[in-house]
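Notes follow the structure.
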Ligand SMILES: *Cc1c(COP(=O)(O)O)cnc(C)c1O
């Protein structure tokens, strides 16, 4: 019940045109279905294996976004499930996805993940390298770049994330100005449960929310 109420409340409060991605890591297919019944349209998964399990139960009752780091050797499995991969951060991964999509005879919409905090241990392409990666990937036939995604450093205080959201927005606008053939800067995916309001103020139009929908996560 609570999941449904959470979804309805968040959806009613999001500005028009903003997409909600339900970040579903560690949740059961039943929990995810509850969210879908209350109006959630996009499920975000961090792991291909977990996504496969949920997809077997839920199928095309939702759109599926990959929001975790994707290894190139999982590209084949990923293209059987996902409608969008939000976390492309290298040419190697892009090539693997492109090849897997060619085999499946499909296109894949992707976002480029930006490591806006320039944290060495984190996924995402460094801010200074985003534009050249976008240009390189734009030549791949089966991928369609639709925007940018970022996490930003996590401190617990959403105000700390604001400069990183601003930085990502700036790159987003720069790429839009470049008008690169085949590249569409439509989605800016930023903000999680604690930071999405700040992200919306900084131009996000896709937010990825887990805890605020499904409750606290408990790891075994
Ligand atoms: C888990 C996760 C989220 C959502 O986090 P919450 O704090 O639970 O809202 C968003 N984006 C990514 C990439 C995640 O892994």
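FYI, it's all coordinate maths here, none of it is from the lab. No experiment lies behind these values; they were computed from the predicted model shown. All Cβ positions, even for glycine, are placed from backbone atoms using ideal geometry, and neighbour counts span all protein chains on display.
Side notes on the structure shown:
- Contact order for the chain, expressed relative to its length and based on alpha carbon pairs under 8 Å spaced 6+ residues apart, stands at 19 percent.
- Annotation for region 1-34 versus region 173-220: alpha-carbon center distance of 15 Å.
- Region 161-217 - percent relative contact order, Cα under 8 Å, separation 6 or more: 32
- Packing here is the average count of other Cβ atoms within 10 Å per residue, and on that basis the peptides 168-176, 97-105, 79-87, highest first, run 79-87, 168-176, 97-105.
- Ellipticity estimate at 222 nm from DSSP helix runs (n ≥ 4, -39,500 (n - 2.57)) divided over the chain, nearest 500: -12500 deg cm²/dmol
- For the chain, alpha-carbon Rg and Dmax in angstrom: 16.5, 47
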